[in-house]
Amino acid sequence: MTQKSQILAHLKAGYELSPLQALDKFGCFRLASVVFELKKEGHNIATIQGESVRSGRTKHFAIYKLVKSAQDKQLTFI
């Protein structure tokens, strides 16, 4: 099973996915690239902004979620 198919299966199961989770679960260093390819294939994937605060510094990163319902469509796209 490819990284792309594993990531798609994870998103279809209703889970969100961050770059660190993708690296840990699937060995994927370039999640944004995989998500870009999935979007080109027609999958409706929302990008949600996540934040991590460490040592007084805020780091921003993307969290991806597959949009499947009308309620999910209210997510903010960045």
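Hey, does region 38-49 have a residue that's over 15 Å from Val67 (Cβ atoms) and either modelled with pLDDT under 95 or under 11 Å from the mean Cα position of the chain (by Cα) (or both)? So far as region 38-49 goes, yes, one or more of its residues are over 15 Å from Val67 (Cβ atoms) and either modelled with pLDDT under 95 or under 11 Å from the mean Cα position of the chain (by Cα) (or both). For region 37-70, a tally of residues being of a type outside the set (A, V, I, L, M, F, W, C) and either part of a helix (DSSP H, G or I) or touching a helix residue (DSSP H, G or I) at 6+ places or on another chain (Cβ under 6 Å) (or both) returns 4. Residues in region 9-30 that are within 21 Å of Asn44 (Cβ to Cβ), in contact (Cβ under 8 Å) with a residue 12 or more places away in the chain and either of a type in the set (A, V, I, L, M, F, W, C) or in a helix (DSSP H, G or I) (or both): His10, Leu11, Lys12, Leu17, Pro19, Ala22, Phe26, Cys28.
The values are calculated or read from the model by the stated rules, or taken from the named source; none is laboratory data. Predicted, not measured: the structure shown is a model, and the values here were computed from it. Cβ atoms come from the backbone with ideal geometry, glycine included; neighbour counts cover every protein chain shown.
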